[in-house]
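Working notes for the structure below.
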Amino acid sequence: MEKFVICGGKSLCGTVSVSGSKNAALPILAASILSGGRVVLDNIPRLSDVVSMCDILSSIGCGVSFSAGDRVLIDATRLNSNVISYQLAGRLRGSFLVMGPLLARLGSVSISMPGGCPIGARPIDLHIKGLAALGACIENRQGSVVAKAKKLVGTKIYLDFPSVGATENIMSAAVLAEGATVIENAAVEPEIVDLANFLCAMGANIFGAGTDTIKIEGVKILKPANYSVISDRIEAGSYLIAAAATGGCVTVQNILPDYVKPLTAKMKEMGIPLDIGENYIAVNSEGNFHAVDIKTLPFPGFPTDMQAQMTALLALSEGTGIITETIFENRFMHASELARMGASIKVAGRSAVVEGKKALTGAKVKATDLRAGAALVIAGLAARGDTEISDIYHIDRGYVALEQKLTQLGADIHREAEH
Ligand code: UD1
């Protein structure tokens, strides 16, 4: 176990480059098995979740090799298993994304229930419903989901909620189904568009990705492709917030500004000066900003994955802001940890009332999940005194070289073994 030790109170200053998107990389890695050949993927972030997904692919017979420049090669020629073990599936929520591709490629799959951040119940009923509608026979056997289909046949699928993972799983199965599939009330997140672009690069026919109706015309085979994933909008947003919270002057590069608009619109509303270019956003903050209300929603609403980091920023703002979390039912675990640092946050059900304070003070805190951990890093950077964050394996699931990137911006942060 390791911890971060941060000596706070230093304004961040300089330029930081965003890595590839974790949430785009995971479904794309999973879908790479669809071609049955050698796929070359660039801009894949070397995160523990990505390594776990690669371990899953290796366990079913794929060749996986990392090479320089964030490149990963997946050779699915010798795919030889349809079973994903409890040990591997339990490592991350995204493990379930191999279900659709395996079902389409091999006609059967057995996968243990997925793991991931403890932010809510996170059922998988919409994935199951979609794959069953395509013709799969699905049952639960001793904690594993077992799905079989002699063939998948295109159909109309209406999602009760625009689930990101379910949209990805269904799309990745439907590309090889017989006939056309239409997903209604589909998720419209940028990562859906990136997956669709990758699938199309392999020869799939997908129309309307990025809108709430996606049409997929099945093809018989897909061919291998080279593809580069988009940059990580959540990592980008986390650096923008860290810059604002510390009263810093930071340029975040390799960013897709449209994808972070739900955040930048709020930051502007808070009075934080932003310079938005074609592929960069610069924050020039003097540390003065006022509170706003936030409601998390599916894209293009405010992302739930930025909620915790925004809570840290509101804790330092002038006035009181209300955060409403509509996506996950248990995503305020950072509130009590931020309170250890002097934040005033009252949580009631799905809402949190955050009363801004002039300053936070360093404390010993615990990362309870990935983005909660990021919020504590931001609070620690802005706080007076020393902060120790334990259980940082959560943070390592989503941030490439976090302490190196922050150190380059002038932060005093390092990693230590926890005894
Ligand atoms: C993905 C992201 C995660 C992000 C989330 C919402 C990945 C690997 N993870 O997670 O970082 O926070 O989108 O933007 O891309 N739901 C059901 N039944 C289902 C599926 C989902 O009820 O079958 C519910 C969930 O419990 C949750 C909501 O739908 O309340 C959203 O979940 P979903 O969009 O599926 O998120 P993930 O794909 O798990």
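In region 73-86, is there at least one residue being more than 14 Å from the ligand (Cβ to nearest atom), closer than 19 Å to GLU191 by Cα, open to solvent by less than 40 Å² (accessible area, probe 1.4 Å) and of a type in the set (Ser, Thr, Tyr)? Let's see the steps before the verdict.
Step one: of region 73-86, the residues more than 14 Å from the ligand (Cβ to nearest atom) are 73-86.
Imposing the further condition that a residue be closer than 19 Å to GLU191 by Cα reduces the set to none.
Checking region 73-86: not a single residue is more than 14 Å from the ligand (Cβ to nearest atom), closer than 19 Å to GLU191 by Cα, open to solvent by less than 40 Å² (accessible area, probe 1.4 Å) and of a type in the set (Ser, Thr, Tyr).
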Task: Hits in region 202-216 - residues which are over 13 Å from ILE170 (Cβ atoms) and open to solvent by 70 Å² or more (accessible area, probe 1.4 Å) - done: PHE207, ASP212
TODO: Return the pairs, sorted by first residue and then second, in which the second residue is in a helix (DSSP H, G or I), the first residue lies in region 54-67 and is open to solvent by 20 Å² or more (accessible area, probe 1.4 Å), the beta carbons are less than 7 Å apart, and the residues are 6+ apart or on different chains.
DONE: ASP55/LEU88; SER59/LEU88; VAL64/CYS54; VAL64/LEU57; VAL64/SER58
Task: Residues (buried (at least 24 other Cβ atoms within 10 Å of the Cβ), away from the ligand (no atom under 16 Å from the Cβ) and either over 23 Å from ALA372 (Cβ atoms) or of a type in the set (Gly, Ala, Ser) (or both)) located in region 225-254 - done: ALA242, ALA243, ALA244, ALA245, GLY248
Task: Qualifying residue in region 98-107 (condition: under 19 Å from ASN226 (Cα atoms), touching a residue at least 60 places away in the same chain (Cβ under 8 Å), open to solvent by less than 10 Å² (accessible area, probe 1.4 Å) and in a loop (DSSP other than H, G, I, E, B)) - done: no
- [ ] Just one of (1) more than 21 Å from the chain's Cα centre (by Cα); (2) at pLDDT 95 or above; (3) surrounded by fewer than 23 Cβ atoms within 10 Å (Cβ to Cβ) trips up VAL39, so point out which.
- [x] (3)
Task: Only one of PHE289, PHE302 that is within 22 Å of the chain's Cα centre (by Cα) and modelled with pLDDT of 95 or more - done: PHE302
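When region 355-397 is examined, which residues are found to be of a type outside the set (Gly, Ala, Ser) and in contact with a Cys (Cβ under 9 Å, 6 or more places away or on another chain)? Steps first, please.
Kept after step one, since they are of a type outside the set (Gly, Ala, Ser), are these residues of region 355-397: 355, 357-358, 360-361, 364-366, 368-371, 376-378, 381, 384, 386-389, 391-397.
Those that are of a type outside the set (Gly, Ala, Ser) and in contact with a Cys (Cβ under 9 Å, 6 or more places away or on another chain): THR368, ASP369, LEU370, ARG371, ASP386, THR387, HIS394, ARG397.
From the list ILE281, ILE276, which residue is more than 25 Å from LEU370 (Cβ to Cβ), of a type in the set (Val, Ile, Thr) and touching a Pro at 6+ places or on another chain (Cβ under 9 Å)?
On the way: ILE281 fails: more than 25 Å from LEU370 (Cβ to Cβ).
ILE276 is the lone residue from the list that is more than 25 Å from LEU370 (Cβ to Cβ), of a type in the set (Val, Ile, Thr) and touching a Pro at 6+ places or on another chain (Cβ under 9 Å).
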Task: Whichever residue in region 42-51 is open to solvent by less than 10 Å² (accessible area, probe 1.4 Å) and out of contact with any strand residue (DSSP E or B) (no Cβ under 7 Å at 6 or more places or on another chain) and, among such residues, is nearest to the ligand (Cβ to nearest atom) - done: ASP49
- [ ] Would you point out the residue of region 387-408, among those that are open to solvent by 30 Å² or more (accessible area, probe 1.4 Å) and in contact with a strand residue (DSSP E or B) (Cβ under 7 Å, 6 or more places away or on another chain), that is farthest from LYS366 (Cα to Cα)?
- [x] GLN408
TODO: Return the total of residues in region 163-184 being of a type outside the set (Ser, Thr, Tyr), within 16 Å of the ligand (Cβ to nearest atom) and either open to solvent by 40 Å² or more (accessible area, probe 1.4 Å) or closer than 15 Å to ILE124 by Cβ (or both).
DONE: 8
- [ ] Please go through region 353-386 and pick out each residue that is open to solvent by 10 Å² or more (accessible area, probe 1.4 Å), assigned to a loop (DSSP other than H, G, I, E, B) and away from the ligand (no atom under 16 Å from the Cβ).
- [x] GLY356, LYS357, LYS358, ALA359, GLY362, ALA363, GLY385
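Go through region 255-264 residue by residue and tally those that are within 16 Å of the chain's Cα centre (by Cα) and surrounded by fewer than 20 Cβ atoms within 10 Å (Cβ to Cβ). Give the derivation first.
Filtering region 255-264 for residues within 16 Å of the chain's Cα centre (by Cα) gives 255-256, 259-260, 262-263.
If we keep only those that are surrounded by fewer than 20 Cβ atoms within 10 Å (Cβ to Cβ) as well, we get 256, 262.
Final tally of qualifying residues: 2.
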TODO: Look through ILE272, ILE323 and report the one residue that is open to solvent by less than 20 Å² (accessible area, probe 1.4 Å) and in a strand (DSSP E or B).
DONE: ILE323
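The values are calculated or read from the model by the stated rules, or taken from the named source; none is laboratory data. Everything numeric here is computed off the predicted structure, so don't read it as measured data. Positions of Cβ are backbone-derived with ideal geometry, glycine not excepted, and every protein chain shown enters the neighbour counts. These accessible areas exclude ligands, DNA and RNA; they are computed on the full protein's heavy atoms, side chains included. Shrake-Rupley method; radii C 1.70, N 1.55, O 1.52, S 1.80 Å.
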